[in-house]
Amino acid sequence: MVKKLSKLKKVLENQFEIRRLIQSYFFFKEHSDKTSFGSITEEDEKGISKAVELANLTKGSIVEIGTLFGHTTNLIVSLKSQEKSLIAVENYQWNPFSLPKEAHQLFLKRTLRYALDHLNVTLYEGDVEDFYEQNKNIEVSMVFIDAGHDYQSVLRDIDWALKVNCKIISGHDYGDLHPGVIKAVDERFGNKIDLFGSVWVYKKE
């Protein structure tokens, strides 16, 4: 009986994962004109370029909250000054293709291999709350927020950036698909942001 239940559980789990993959596929097809699953548009790139350009004029590291597959990370790396450090934070708790943690981890590290070895990039593998707790006094020039997209998560990430006196605070997915992002950003910054596609940029006066 126990073996049968265990087998049934595995079948149901597999069916659930297959449904998630199908849903991800159709979601991407339906919203291919928007950014999703770590992708960025040319307009988004302009926002990231602007944020990094401003960060290059300021002391401190760049911190990316939510690295996923490393595509945006590599863009930031290509734009930052070489001496400026970049800390990429990823906890491997979610990816759109239901990859197991080990596969996601391997994919990301291969994507970032050159940057990690040669371009002053560090990968923090763990929960963002732990990162914040361990880095209360870090000098930061820019924070790029692209992890949890619910209101509370984005607000938490923004508030940490403000606490460490970050000069440039930016993020991804400011758009209809993520009302939590819009609510948190508007609540903290109002009309003081510049918007490039779905990338928002705030510069502290």
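Computed from the coordinates by the stated procedures, all read-outs in this text should not be read as laboratory data. Owing to the predicted nature of the structure, the values given are computational and were not obtained by experimental measurement. Virtual Cβ from ideal backbone geometry, glycine too; neighbours counted across all protein chains shown.
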Limiting things to C-alpha atoms, what are the Rg and the maximum Cα-Cα separation (Dmax) for the range 58-107, in angstroms? 12.5, 38
My understanding is that a pair violates if its Cα-Cα distance is over 20 Å; which of Lys50/Lys163; Lys50/Lys80; Lys84/Lys192; Lys46/Lys183; Lys50/Lys204 do that in this structure? Lys50/Lys163; Lys84/Lys192; Lys46/Lys183
Which whole-number percentage describes the relative contact order of the range 39-102, with Cα contacts under 8 Å and a sequence gap of 6 or more? 36
Computed magnitude of the charge dipole of the range 42-183 (debye, nearest 20; Cβ of K, R +1, Cβ of D, E -1): 380
Kirkwood hydrodynamic radius, computed over distinct alpha-carbon pairs, for the range 110-162: how many Å, to one decimal? 12.8
